Amino acid sequence: MKVTAVAGGTGSAKLLRGLQSLPVDLTVIANVGDNIWIHRLYVCPDVDIAMYTLAGIANPKTGWGIKGDTFSTLSQISRIGGETWFKLGDRDLATSALRTGMLRRGMTLTAVTDRLRKSFGVKCELLPATDQNLETRIDTPLGDMHLQEFWVREKGEPEVTGVHYRGASRASITAEVRRALSGADRVVICPANPITSIGPMLAISGFAKELAGSDARVVALSPMVGEAPFSGPAGKLMKAAGRKADSVGIASMYQKFVDCIVVASEDQAMKKRIEALGIECVTSETMMKSREDERRLARELLKV
Ligand code: GDP
């Protein structure tokens, strides 16, 4: 079975690990809206979370970064007056340094990512959603800021008045992404922030159309339980976008392309409202606390 997983950050990575443990032909499409230049290095947080997780070297405590990484470079940057609000370990910096060098030599982000994932021993294809620049910007009363500035530097505190995807109108999906979406037997939308992880991908020219037109069955695992996400700022951002911060809100945002959504058992009462949107709805234990949970949910997503 050819499975294409559409992934954001930490929540998605857990399901990716589950999918990788099954006998399927897996391709991962990763969000690039949170990519950011730090110390003149091109950092791709979601691509790297997926890569490190699939390579089995992700930091289990945070879900991002590399297990056992050290922070000597960052300490030195701080000592000599640089900004250190974005935490990058020494080994993590090595990934971004190598990536930046390859990009500077003219390689596409797709080619660079392919080279890197192979070096890390990742077997499945890992595709950035686009090769063009795309940046998720959060509008606040202080002005608009990069998603990472909002969430990491400002700790998600500023009021959110809107979200926009800078560069989206000029960005298009790659041939690899098109093939992965159109040629799959099943597309899995991993649990991810719908505004800052899935939203930027949908804004890329061709992505939503390819997804909606794909012959594959498209299934999603909701990142929400009750009226909140399992983690992260999804609730605050969904409300700012005028959506309900629950699985019904997720279903309404995915209505044009999702065939079936798996929601938390606690949200059984939302099933009817989701089905009224024309989407099949299945309930399950959707929290992933162990490798067994990840594998069980991955299996369920291939069956529903
Ligand atoms: P974030 O909002 O900045 O964290 O961006 P991500 O795209 O990384 O979002 C991760 C999403 O995964 C969040 O909305 C979480 O609610 C969700 N998530 C995290 N852990 C779990 C889990 O165990 N199960 C499910 N279903 N969702 C999860």
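Worth pointing out:
- Qualifying residue in the range 269-282 (condition: surrounded by 19 or more Cβ atoms within 10 Å (Cβ to Cβ) and in a helix (DSSP H, G or I)): yes
- Selection over the range 222-239 of residues that are within 8 Å of the ligand (Cβ to nearest atom), of a type outside the set (A, V, I, L, M, F, W, C) and touching a strand residue (DSSP E or B) at 6+ places or on another chain (Cβ under 6 Å) gives a count of 2.
For every residue, the table says whether it meets (1) within 18 Å of the chain's Cα centre (by Cα); (2) assigned to a helix (DSSP H, G or I); (3) at pLDDT 95 or above.
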site	(1), (2), (3)
219	yes, no, yes
235	yes, yes, yes
242	no, no, no
251	yes, yes, yes
256	no, no, yes
261	yes, no, yes
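- Out of 29, 49, 36, sole residue that is touching a His at 6+ places or on another chain (Cβ under 8 Å), within 16 Å of the ligand (Cβ to nearest atom) and at pLDDT 95 or above: 36
- The range 208-221, residues that are more than 16 Å from the ligand (Cβ to nearest atom) and of a type outside the set (Ser, Thr, Tyr): 208, 209, 210, 211, 212, 213, 215, 216, 217, 218
- Near pairs, Cβ below 7 angstrom, 6+ apart or cross-chain, from the range 219-237 (closer than 19 Å to residue 278 by Cα) to any residue that is hydroxyl-bearing (Ser, Thr, Tyr) and more than 6 Å from the ligand (Cβ to nearest atom): 220/254; 222/247
- Residues within the range 139-178 that are more than 16 Å from the ligand (Cβ to nearest atom) and of a type in the set (A, V, I, L, M), tallied: 6
- Of everything listed in (1) surrounded by 16 or more Cβ atoms within 10 Å (Cβ to Cβ); (2) of a type outside the set (Ser, Thr, Tyr); (3) touching a residue at least 12 places away in the same chain (Cβ under 8 Å); (4) within 23 Å of residue 163 (Cα to Cα), the single unmet condition for residue 256 is (1).
- Criterion (within 9 Å of the ligand (Cβ to nearest atom) and either farther than 24 Å from residue 21 by Cβ or not β-branched (Val, Ile, Thr) (or both)) met by exactly one of 289, 244: 289
- Screening residue 23 on (1) more than 16 Å from residue 120 (Cβ to Cβ); (2) touching a residue at least 24 places away in the same chain (Cβ under 8 Å); (3) not polar (S, T, N, Q) shows it passes everything except condition (2).
- Of the strands (runs of 3 or more DSSP E) lying entirely inside the range 1-120, those containing at least 2 residues that are surrounded by 21 or more Cβ atoms within 10 Å (Cβ to Cβ) and in contact with a Cys (Cβ under 9 Å, 6 or more places away or on another chain) are 2-7, 25-30.
- Count of the range 179-207 residues, restricted to those that are touching a Phe, Trp or Tyr at 6+ places or on another chain (Cβ under 9 Å) and either within 16 Å of the ligand (Cβ to nearest atom) or more than 19 Å from residue 283 (Cα to Cα) (or both), is 12.
- Looking across the range 220-234, the residues that are hydrophobic (A, V, I, L, M, F, W, C) and crowded, with 24+ Cβ neighbours inside 10 Å come down to 220, 221, 224, 234.
The values are calculated or read from the model by the stated rules, or taken from the named source; none is laboratory data. It should be emphasised that the depicted structure is a prediction, and the values quoted were computed from it without experimental measurement. Cβ sites come from the backbone with ideal geometry, for glycine too, and all protein chains shown count toward neighbours.
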